[in-house]
1. From the residues in segment 111-139 that are among the charged types (D, E, K, R) and assigned to a loop (DSSP other than H, G, I, E, B), which one is most open to solvent (accessible area, probe 1.4 Å)?
2. Among the residues of segment 218-243, which ones are in contact (Cβ under 8 Å) with a residue 40 or more places away in the chain and among the hydrophobic types (A, V, I, L, M, F, W, C)?
3. On the given criteria, is L192 in a strand (DSSP E or B) and either small (G, A, S) or at pLDDT 95 or above (or both)?
4. How about segment 200-223: which of its residues are part of a loop (DSSP other than H, G, I, E, B) and within 24 Å of S111 (Cβ to Cβ)?
5. Within the set of pairs 6 or more residues apart or between chains, which connect a residue that is closer than 17 Å to F248 by Cβ and open to solvent by 30 Å² or more (accessible area, probe 1.4 Å) inside segment 85-108 to a residue that is in a loop (DSSP other than H, G, I, E, B) and of a type in the set (G, A, S) with Cβ atoms less than 6 Å apart?
6. Out of the residues in segment 102-125 that are more than 13 Å from the chain's Cα centre (by Cα) and small (G, A, S), state the one that is farthest from L192 (Cα to Cα).
7. So is S51 in contact (Cβ under 8 Å) with a residue 60 or more places away in the chain and not aliphatic (A, V, I, L, M) or not?
8. Quickly run through segment 224-254 and pick out the residues that are surrounded by fewer than 17 Cβ atoms within 10 Å (Cβ to Cβ), assigned to a loop (DSSP other than H, G, I, E, B) and touching a Cys at 6+ places or on another chain (Cβ under 7 Å).
Amino acid sequence: MTSPRTFKLTVAYDGTDFSGWQIQPGRMTIQGWLERSVAKLAGARVHVVGSGRTDAGVHAIAQVASCTMPRWNAPAQKLATAINVALPDSILVTDAVDAPDDFHAIRDSVSKRYRYQLQNGGNRNPLEHRYWYRLRKRVDLDAMAEAAQLIVGRKDFACFQSAGAPRTTTVRHVTACDIIPLPDGPWGESRLAIEVQADGFLYNMVRNIVGTLIYVGLGKHPPCWVTELLAEKKRELAGPTAPPNGLFLKSVWYGPNDPGAIEASHGHQSAPSG
């Protein structure tokens, strides 16, 4: 008799047409599609756990998920191929590896990195608008970089938590908040990315950080404003929530020596493809 096997899946997706990761009645979700596909292979429902519940319209370069198959005799990578057969073109399992029986994609993750893509002025690009938030006015990258460094550290990030998903603590350890200039787009449009890495994230935390840094870049507030916001701990004082289309879950780590740690080493210029 075949013993159950636990797998670690890496998943890329264009989140534009989905209501986020988590299953919701009557809505199309990433988790819903994956569980339907896996169920066809297992002959029973299998719960697929994602490392993070990305919101509607948010994308992933390397989301990580865990699942336990009641039976699967083929190599792990064959599971990725089989799952992909029943998935839409906008979702792809890029890798599958055997994992310990108790592996859990949420509980065991130690760090995540998100990437937010911005177009700095210029005309709207109709071919890539799903993946970039276009700023009509150019921003000061030096001021944004100065403000971004004030976010790094173990701090209370209550000012960047949107209502709707309260946590027992709003303290998180942000290990990086980087402003990254990118090559110009195909029509000469200027581009940049904001990447934030932490041991955990509050609801809409990255999009709220981005909205705040944009305000600094537009000259509405000096970089030191970030320090004031962190001290005040009031969401309504910070910048607006940036739209979801520019946000990607980029990397997930499961320990400093994790051989399967996912790192997208090159800039993301378009939708995940396969």
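The values are calculated or read from the model by the stated rules, or taken from the named source; none is laboratory data. Please read these numbers as outputs of a predicted model, since none were measured by experiment. Cβ atoms come from the backbone with ideal geometry, glycine included; neighbour counts cover every protein chain shown. Side chains included, ligands, DNA and RNA excluded: accessible areas come from the protein's heavy atoms. Shrake-Rupley method; radii C 1.70, N 1.55, O 1.52, S 1.80 Å.
1. Among residues in segment 111-139 that are among the charged types (D, E, K, R) and assigned to a loop (DSSP other than H, G, I, E, B), the one most open to solvent (accessible area, probe 1.4 Å) is R136.
2. Answer for segment 218-243, where residues must be in contact (Cβ under 8 Å) with a residue 40 or more places away in the chain and among the hydrophobic types (A, V, I, L, M, F, W, C): L218, C224, W225, V226, L229, L230, L237, A238, A242.
3. For L192, the condition - in a strand (DSSP E or B) and either small (G, A, S) or at pLDDT 95 or above (or both) - is met.
4. Start the filter on segment 200-223 by keeping residues that are part of a loop (DSSP other than H, G, I, E, B), which leaves 200-204, 218-223.
Those that are part of a loop (DSSP other than H, G, I, E, B) and within 24 Å of S111 (Cβ to Cβ): G200, F201, L202, Y203, N204.
5. L92/G274
6. Only one residue tops the list, namely A105.
7. Numbers: in contact (Cβ under 8 Å) with a residue 60 or more places away in the chain: yes; not aliphatic (A, V, I, L, M): yes.
When the stated conditions are applied, S51 passes them.
8. Answer for segment 224-254, where residues must be surrounded by fewer than 17 Cβ atoms within 10 Å (Cβ to Cβ), assigned to a loop (DSSP other than H, G, I, E, B) and touching a Cys at 6+ places or on another chain (Cβ under 7 Å): K233, K234.
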